[in-house]
Amino acid sequence: MLTLSNLSKRFGDNTVLDGIDLNIKQGEIVAVIGPSGTGKSTLLRCINFLETPTQGSIEIDGHQVKASERSQKAIIELRKRAAFVFQNYALFANKTALENIAEGLITVWGQPKEKAHAEAQAILNDIGLGDRANAYPSALSGGQQQRVGIGRAMAAHSKVILFDEPTSALDPEWVDEVLGLIKQLAQRRQTMIIVTHEMQFAREIADRVVFMEGGRIVEQGPPAQLFENPQDPRTRQFLARALKH
Ligand SMILES: Nc1ncnc2c1ncn2[C@@H]1O[C@H](COP(=O)(O)OP(=O)(O)OP(=O)(O)O)[C@@H](O)[C@H]1O
Ligand SMILES: [Mg+2]
């Protein structure tokens with residue numbers, strides 16, 4: 001359903017992604033782990049062209065965009081298929097929770113305002129924020145803001161949701177409610193790629209864990225295999241450190 005082929009990204013002469021090949025099935029939940037600066041965020045950002053890959057191609061649900069032959073129209077079509085949840089929520093400060101969720105339905109999907117607002121309200125109810133529809137982000141807790149960020153991704157009806165460390169900007173007290181919502185999406189078999197430092201969470205939620213280092217996929221497999229029996233010394237070293245914390 002999602003295929004990355006030889007995906008590469010250079011910033012100047014710094015090769016940050018070095019020929020990534022990845023195939024993800026409909027309904028699959030993939031966690032991406034790895035040391036800081038290894039290209040995890042860049043990988044996610046290249047998938048919906050928040051960053052422009054230098055080389056390679058991305059295919060989601062039959063729609064392919066090549067780095068070499070991209071058009072704005074093709075990129076917009078790709079973005080309809082892949083929604084992004086940002087570490088720092090990235091909500092519109094001057095829009096209410098409801099308007100933040102409805103925005104994409106109106107601008108990207110061309111829904112009339114009433115329909116978009118009705119759908120946004122249904123999503124707010126679903127994510128346990130039905131009574132906060134008219135609250136602005138500044139009046140919401142970090143956990144609530146990130147739930148709205150996830151609600152916005154849900155509204156896009158995307159084939160895949162891309163999460164870049166969705167809980168790492170949160171105070172510890174709000175982490176569980178956000179992880180809980182992501183688990184709820186996982187139970188519905190929403191296809192997702194989640195970059196995370198939460199190893200326990202990755203282990204619980206993912207069908208497959210991908211370990212990246214130096215812009216490459218070093219090793220991947222089911223969580224039990226990757227966490228209990230890592231094959232590559234780099235994976236072992238990373239996990240030994242990560243699991244100590
Ligand atoms: N816009 C940019 N311009 C130049 N270099 C960049 C840019 N974005 C990222 N990089 C570089 O690309 C490399 C990978 O960064 P990236 O943010 O993808 O790593 P990461 O694995 O997400 O790290 P972390 O775990 O700290 O979030 C780093 O060396 C970073 O400095
Ligand atoms: Mg990152």
Query raised in the report: Once the Cβ-Cβ distance between LYS244 and TRP109 is put in as r, and R0 is 41 Å, what FRET efficiency do you end up with, to the nearest 0.05?
Result: 0.35
Report task. Assuming a ≥ b ≥ c are the square roots of the Cα gyration tensor eigenvalues, decide whether the chain counts as rounded (a/c under 1.5), prolate (otherwise, with a/b larger than b/c) or oblate. Result -> oblate
Query raised in the report: Extension gain SER68-ASN88, at 0.36 nm per residue separation less the Cα-Cα distance, in nm?
Result: 4.1 nm
Query raised in the report: In nm, to one decimal, how far is the LYS25 label point from the THR54 one, both placed 7 Å along Cα→Cβ?
Result: 3.4 nm
Report summary line: Given 185-192, 206-213, the highest-first ranking by average Cβ count within 10 Å works out to 206-213, 185-192
**Report entry** Relative contact order (percent, whole number), the range 50-181, Cα cutoff 8 Å, 6+ residue spacing
**Finding:** 31 percent
Query raised in the report: Residues with beta-carbon under 9 Å from that of ARG234, excluding ARG234: net charge, scoring Lys, Arg +1 and Asp, Glu -1?
Result: -2
Requested in this report: For ARG188 and ALA122, calculate 0.36 nm times their separation in residues minus their Cα-Cα distance, and state this gained length in nm to one decimal.
Outcome: 22.1 nm
Query - Rounded, prolate or oblate (a/c below 1.5 giving rounded, otherwise prolate when a/b exceeds b/c) for the range 139-243 by Cα gyration tensor - result: prolate
**Report entry** Selection from SER141, ALA90, GLN184 lying farthest towards where the dipole of the chain points positive, charges on Cβ
**Finding:** ALA90
Query raised in the report: For the chain, modelled as a Gaussian network with Cα springs under 10 Å, which listed residue fluctuates most, GLY151, GLY12, GLY214?
Result: GLY12
Query - Total formal charge among the other residues, if their Cβ is under 11 angstrom from that of MET199, Lys/Arg +1 and Asp/Glu -1 - result: +1
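What FRET efficiency comes out for SER138 versus ASP232 if R0 is 45 angstrom and r is the Cβ-Cβ distance? Round to the nearest 0.05. Display every interim value, and only then the final one.
Values: r = 45 Å, r/R0 = 1.00.
The calculated FRET efficiency here is 0.50.
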Query raised in the report: Going by the alpha-carbon gyration tensor, a ≥ b ≥ c the square roots of its eigenvalues, is the range 1-89 rounded (a/c under 1.5) or, if a/c is not under 1.5, prolate (a/b greater than b/c) versus oblate?
Result: rounded
Query - Pairs of Lys in the range 56-204 closer than 20 Å at Cα, counting only those 8 or more apart or on different chains - result: 9
**Report entry** Pair ASP131, ILE76: separation of 7 Å Cα→Cβ label points (nm)
**Finding:** 4.1 nm
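Bear in mind these aren't lab numbers, they're just calculated from the coordinates by the rules spelled out. This structure is a prediction, so every number in the text was calculated from the model and none was measured. Heads up, the Cβs are rebuilt from the backbone with ideal geometry, glycines too, and the neighbour counts pull from every protein chain shown.
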